[in-house]
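Have a look at the structure below, then the notes.
The values are calculated or read from the model by the stated rules, or taken from the named source; none is laboratory data. If you're wondering where the values come from, they're calculated on a predicted model, not measured in any experiment. All Cβ positions, even for glycine, are placed from backbone atoms using ideal geometry, and neighbour counts span all protein chains on display.
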Amino acid sequence: MQENLVIVESPAKAKTIEKFLGKDFMVKSSFGHIRDLSKKDLGINLADGFAPVYEIPKDKRKVVDELTRAAKDRTVWLASDEDREGEAIAWHLTEVLGLPVEGTKRIVFHEITKRAILEAIENPRTVDMNLVNAQQARRVLDRLVGFELSPVLWKKVRPSLSAGRVQSVAVRLLVEREREIIAFRSTPYFRVVAQFHAAGDKDRTLFKAELPTRFESREEAEAFLRSCVGATFTVAKVEEKPVQRYPAPPFTTSTLQQEAGRKLGMSVSQTMSVAQHLYEQGLITYMRTDSVNLSTLALAQCKEQITNLYGEKYSSYHNYKTKTKGAQEAHEAIRPSYIERQAIEGTPAEKRLYDLIWKRTVASQMVSAELDRTTITIAIDGRREQFVATGEVVRFDGFLRLYSESTDEEPAEDSEGLLPKLSAGDEVLYQTITATQRFTMPPARYNEASLVKRLEELGIGRPSTYAPTITTIINRGYVVKQSKEGQKRTYEQLTLAGGSVSAKTLSESFGKEKNRLQPTDIGMLVNDYLEQQFAPIIDYNFTANVEKEFDRVAEGDITWDKMIAAFYGPFHRMVDTAIETQSDKHGQARVLGADPKTGRTVKARIGRYGPMVEIEGEGEEKPRFASLKKGQLIESITLDEALALFALPRTLGEWEGEPMVVGLGRFGAYVRWGKSTFASLAKGDDPYTLTLERGVELIKAHQAQRTAANTPIRSFAEDPDMLVKNGRYGAYIAYKGKNYRIPKGTKPEELTLDECLKIVAASKK
DNA sequence: CAGTGAGCGAGCTTCCGCTTGACTT
C-alpha cells in the first residue's frame, strides 16, 4: 500500500503528478472547494462574531467520502494551489478529514514539473491560518454583500434580481459606457490626404501624406484645396529613427480570452471550454491563471524550438512581470505542455486555440523586432499647414515572424508603407489631394473580452469567474449580447487633381457591431438604484480597498472578524435605510412626444412585462402598448422608433378562410393563422414587410414539420410502446412516457426492438 | 408558448471562487 496521499485541486493535475511521484504516493483531487457556507440562509452567525456555518454541498459528498477513505492510515500532503483559496481548501480538508493543522504537511508548487514537485515534497510547511482567515473574510464579505443586497432588490425593484461585489460593478461599467454613447453627438470633419511623388522621380512612385489639421466645414476644406493649386511643396524635414517592438507576454486567462476573441472570434466561455479540453488532454498548462511566468523547463524548450526553426539569433530570454492588481500567481502562464509539439490533433477549435497558445508562448521568448520609422514633413508655400508622411520598414522581423498581437481598435485606414528617399529642400509634386468627410465616433461598446480586461485592470474578479460573471449578468437580464447591422450614410469627397477641384457624394456603412454587450433598461434601473443607495459598494475601488484589508488579515495585522465587523456596521445601516426608503419600482416614464395621428402623448417606461412604449388613452379609449425590441432602451428610443413598434400585430389577409396575422411575441416574430396555429419567422424574414404569400409558406412548413415530428422513425409491432422519434436534438427513444438518448454512433433508423430495450435498461441505472 | 399592463399574495429567488461532468426533447 502507498504510504502517502497527495491532494491537489484538479484531477488532471493529479494524473500528471502521480507519474512524477512514483509508487509510494497516491494522488487524488478535491475538485476545488469541498465546503461552503450554508446555502439555505445567510450561512453566517451574526451574533457570534460572524462565525461561518460551513457545510459539504451534496455534489461534494462523494469526493469527500473518497478522500476520507484514502486518508486513513496515510500521510496526507495538502497540495492545493498556493493562493488564498488554495490555502482555505487545505484548511477545510484538515477540518473534514480530521487532520491536525499543526503537523499536517502543506506543500506548494507553481509549475507542474518533476523538479518543482520533488522540491515541494522536500520542503513541506503547515497550513497558514492567517491566509485561511483572509479567505474566510473574503467569503463572508461576499456572502454578506450578495445576500443582503439581493433581497433589497427583490423588494424594491423586482424578484429574482441579484447584486454582488463583482457583477454589479461589471454592469456599472456597461451602463456608464452606454450613457456615454447616448450622450455622444457625432460631428463631421474633413480629413486631407495627398498622393505625392518626388519632383525628380521619373517613375513617379507615389506615397501618401496626411494633413494633421482637420477642417470643420466643406468650405474650409475646399478653400484649402484651392490654395494648393499653384503651390510649391517642399520637404521641410526628414526624421528617421529606429524603433523596437517587443513581443507580448505569454497568455493569462484574461489575455487568452481577449486574443481568442479577436483572432478566432470565440466567446469567453467558448475559449474556456476549449482550453479545458486541451488541459484535460495534457496539451496545455492550467487555463485559469493570472501569471505570465514560464517554468525554466519551458524556457529552455522555447529556446531550442526557436533555434531549430529560425536560428539562434531569433531567441531571446524575456522575464515578464505581471502588472495585474492582486494577481496571486499560483500557476504558470498558459502554455503548451510540450513546446516541441507545434500542432495537435483535435477539433478545429482545439487546433486553432492550441496554435494561438503555441505561437504566443514561443514568440514571447523571441527577439524584439527592429523597425525604421521615417517621418517626412512637407511644407506648402503660402500656407501654415504641413503634410506629414510616415513610413515604417521592418529591418529585422524578430518575433513578428511568428506572432503579432491584435488590438481592439479599428485598423488604421491607410497602412503605412515604404517612403522614397528624400531630404530637406527636395520638391515634391502632388498627383491628387483629397478632402474626405469623416465623422467623430462614439466610444465602442464593450465585448465580453474587453469587459474582462477592464475588470482585471480594476482587480475585480478572478480568472475562474470572468466567464461565469458574464453569464450571470446576461441571465439576470441586466445585459444583452447582440450584433447590429451597419447603417448607411453619405459623405462628401473633394478631390484636387490636374489643377481643378471636383466634388462627389459617396455612401458608406457605419456602426456595424458584432457580439457587443449592451445594458438593458433593467440593468440601468438596478444600477441607478444601487448607485443611489449603496454607492460605496459599487465604487470601482471597493474591491481594491477590501483587498488591502484582506492583505492585513493575511499578514496577521488584524483579525478577520474585526475586519468584517468594521465593514458590516456601516453596510448594514445602508441596507436598513434602503428598505425604509420608498423606491420608484419602475423608474421614471420618459415622454417621447405626441403621436402625429391622434396628438396623444407617447411615453416609454418599464411595465409588468418589461420595457414598453405607450400611447396614452383618453376618456373611454384604452391606451395602446408595445414592448421594446432587444437593444432598444427607454433612455434612447426616439418617437419614430416607438411609433414603428405599434405597426405590429399586423393582419396580412386571409388564407383558406382564416386570418393571417404577423406579430412579435416572447420568442420573437411569429405568424398566426386562425386562432392557434403559430409559426416562427425565419432568419431573413422581417415582420414589418412580410407578405401573405410568405406567411402561407411558413405556416405550411410548420405543419409539415409537425407531421414529421409526430411520425416515428421506427415502431415495432411486438411492442407499440416503443418508438424512435425525431426531436429537436436529433433522434431519441420514447418508451412508456419517458425519453431516452441514443448513444453516439448508433444509426436510429436501423435500431431493433432489442437494442432499444437495452438502451432503456442501461439508462435506468 | 405567442398579448398582455387590476390587484392580492404563498413561496421562491441571491453572492464569489475553487473545480468538473451531466445532459436536455
Query raised in the report: Filtering the range A:617-636 down to residues that are within 13 Å of DNA strand B (Cβ to nearest atom) and over 35 Å from the mean Cα position of the chain (by Cα), which residue is farthest from A:LEU664 (Cα to Cα)?
Result: A:GLY617
Report task. Evaluate the range A:360-380: report whether one residue or more is of a type in the set (D, E, K, R) and free of Cβ contacts under 8 Å to residues at least 60 places away in the same chain. Result -> no
Query - Inter-residue pairs, beta-carbon under 9 Å, first within 16 Å of A:HIS702 (Cβ to Cβ) and in the range A:675-689, second among the charged types (D, E, K, R) and within 9 Å of DNA strand B (Cβ to nearest atom), 6+ apart - result: A:PHE678/A:ARG672; A:ALA679/A:ARG672
Requested in this report: Name every residue in the range A:651-673 that is loosely packed, with under 14 Cβ neighbours inside 10 Å and not hydroxyl-bearing (Ser, Thr, Tyr), in order of residue number.
Outcome: A:GLY653, A:GLU654, A:GLU656, A:GLY657, A:GLU658, A:PRO659, A:GLY665, A:ARG666, A:PHE667, A:GLY668
Query raised in the report: In this structure, does A:HIS277 turn out to be more than 16 Å from DNA strand B (Cβ to nearest atom) and farther than 19 Å from A:ASP81 by Cβ?
Result: no
Query raised in the report: In this structure, is A:ASP73 within 8 Å of DNA strand B (Cβ to nearest atom), within 21 Å of A:PRO124 (Cα to Cα) and not in a strand (DSSP E or B)?
Result: no
**Report entry** Selected residue (criterion: nearest to DNA strand B (Cβ to nearest atom)) from residues of the range A:587-598 that are more than 13 Å from A:PRO623 (Cα to Cα) and of a type outside the set (A, V, I, L, M, F, W, C)
**Finding:** A:GLY587
Requested in this report: Determine, yes or no, whether A:LYS453 is at negative phi, away from DNA strand B (no atom under 16 Å from the Cβ) and modelled with pLDDT of 95 or more.
Outcome: no
Report task. Considering only residues that are within 13 Å of DNA strand B (Cβ to nearest atom) and either in contact with a helix residue (DSSP H, G or I) (Cβ under 7 Å, 6 or more places away or on another chain) or among the acidic types (Asp, Glu) (or both), look in the range A:1-26 and name the one that is nearest to A:TYR286 (Cα to Cα). Result -> A:ALA12
Requested in this report: May I ask you to list the residues in the range A:362-384 that are over 30 Å from A:GLY425 (Cβ atoms) and either at pLDDT below 95 or assigned to a strand (DSSP E or B) (or both)?
Outcome: A:MET366, A:ALA369
Query raised in the report: Scanning the range A:532-564 for residues that are aliphatic (A, V, I, L, M) and either over 35 Å from the mean Cα position of the chain (by Cα) or closer than 28 Å to A:LEU174 by Cα (or both), which turns out surrounded by the fewest Cβ atoms within 10 Å (Cβ to Cβ)?
Result: A:ALA535
Report task. Name the strands (runs of 3 or more DSSP E) wholly inside the range A:412-520 in which the number of residues that are touching a strand residue (DSSP E or B) at 6+ places or on another chain (Cβ under 7 Å), charged (D, E, K, R) and surrounded by 12 or more Cβ atoms within 10 Å (Cβ to Cβ) is 2 or more. Result -> A:427-439, A:479-484, A:487-497, A:513-519
Query raised in the report: Do any residues in the range A:39-64 that are over 13 Å from A:VAL96 (Cβ atoms) have Cβ atoms under 7 Å from those of residues that are within 11 Å of DNA strand B (Cβ to nearest atom) and among the aromatic types (Phe, Trp, Tyr), where the two are at least six apart or on different chains, and which pairs are they?
Result: A:LEU42/A:PHE147
Report task. With the condition kept exactly as written, say whether any residue in the range A:325-342 is exposed (fewer than 15 other Cβ atoms within 10 Å of the Cβ), of a type in the set (Val, Ile, Thr) and more than 16 Å from DNA strand B (Cβ to nearest atom). Result -> no
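Per-residue answers, yes or no, for (1) at pLDDT below 95; (2) under 31 Å from the mean Cα position of the chain (by Cα):
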position: A:LEU5; (1), (2): no, no
position: A:LYS19; (1), (2): yes, no
position: A:GLY22; (1), (2): yes, no
position: A:SER30; (1), (2): no, yes
position: A:LEU97; (1), (2): no, no
Requested in this report: Mind telling me which of the residues A:ALA644, A:ALA669 ends up being within 13 Å of DNA strand B (Cβ to nearest atom), among the aliphatic types (A, V, I, L, M) and within 38 Å of the chain's Cα centre (by Cα)?
Outcome: A:ALA669
Query raised in the report: Hey, any hits in the range A:178-189 for a residue that's assigned to a strand (DSSP E or B) and away from DNA strand B (no atom under 16 Å from the Cβ)?
Result: yes
Requested in this report: Return the total of residues in the range A:13-40 being under 15 Å from A:PHE109 (Cβ atoms), of a type outside the set (Asp, Glu) and not in a strand (DSSP E or B).
Outcome: 7
Query - Residue under evaluation A:LYS359, criteria (1) under 30 Å from A:TYR314 (Cβ atoms); (2) among the charged types (D, E, K, R); (3) outside any helix (DSSP H, G or I), criterion not met - result: (3)
Report summary line: Flagged pairs (Cβ under 8 angstrom, 6 or more apart or on separate chains; first in the range A:147-167, farther than 16 Å from A:LYS585 by Cα; second part of a loop (DSSP other than H, G, I, E, B) and within 6 Å of DNA strand B (Cβ to nearest atom)) are A:VAL166/A:GLY461; A:VAL166/A:THR465
Report summary line: Condition set over 15 Å from A:ARG138 (Cβ atoms) and of a type in the set (Val, Ile, Thr), scope the range A:74-96, selection surrounded by the most Cβ atoms within 10 Å (Cβ to Cβ): answer is A:VAL76
Query raised in the report: Would the range A:674-696 turn up any residue that is in a loop (DSSP other than H, G, I, E, B), outside the structural domain of A:LYS629 (by TED's automatic domain parsing), among the basic types (Lys, Arg) and within 15 Å of DNA strand B (Cβ to nearest atom)?
Result: yes
Query raised in the report: Does the range A:724-737 contain at least one residue that is touching a Ser or Thr at 6+ places or on another chain (Cβ under 8 Å), modelled with pLDDT of 75 or more and more than 9 Å from DNA strand B (Cβ to nearest atom)?
Result: yes
Requested in this report: Return a yes/no flag: does the range A:47-54 have any residue that is out of contact with any helix residue (DSSP H, G or I) (no Cβ under 9 Å at 6 or more places or on another chain), away from DNA strand B (no atom under 11 Å from the Cβ) and β-branched (Val, Ile, Thr).
Outcome: yes
Requested in this report: Select, from A:SER227, A:SER162, A:SER217, the only residue that is within 16 Å of DNA strand B (Cβ to nearest atom) and among the hydroxyl-bearing types (Ser, Thr, Tyr).
Outcome: A:SER162
Report summary line: When every residue in the range A:651-702 that is among the charged types (D, E, K, R) and within 29 Å of A:ARG608 (Cα to Cα) is compared, the one modelled with the highest pLDDT is A:ARG672
Requested in this report: Select from the range A:238-274 the residues that are polar (S, T, N, Q), crowded, with 16+ Cβ neighbours inside 10 Å and more than 16 Å from DNA strand B (Cβ to nearest atom) and list them in ascending order.
Outcome: A:THR255, A:GLN258
Report summary line: Residue hits (the range A:681-725; among the acidic types (Asp, Glu) and more than 30 Å from A:GLY653 (Cβ to Cβ)) are A:GLU718, A:ASP719, A:ASP721
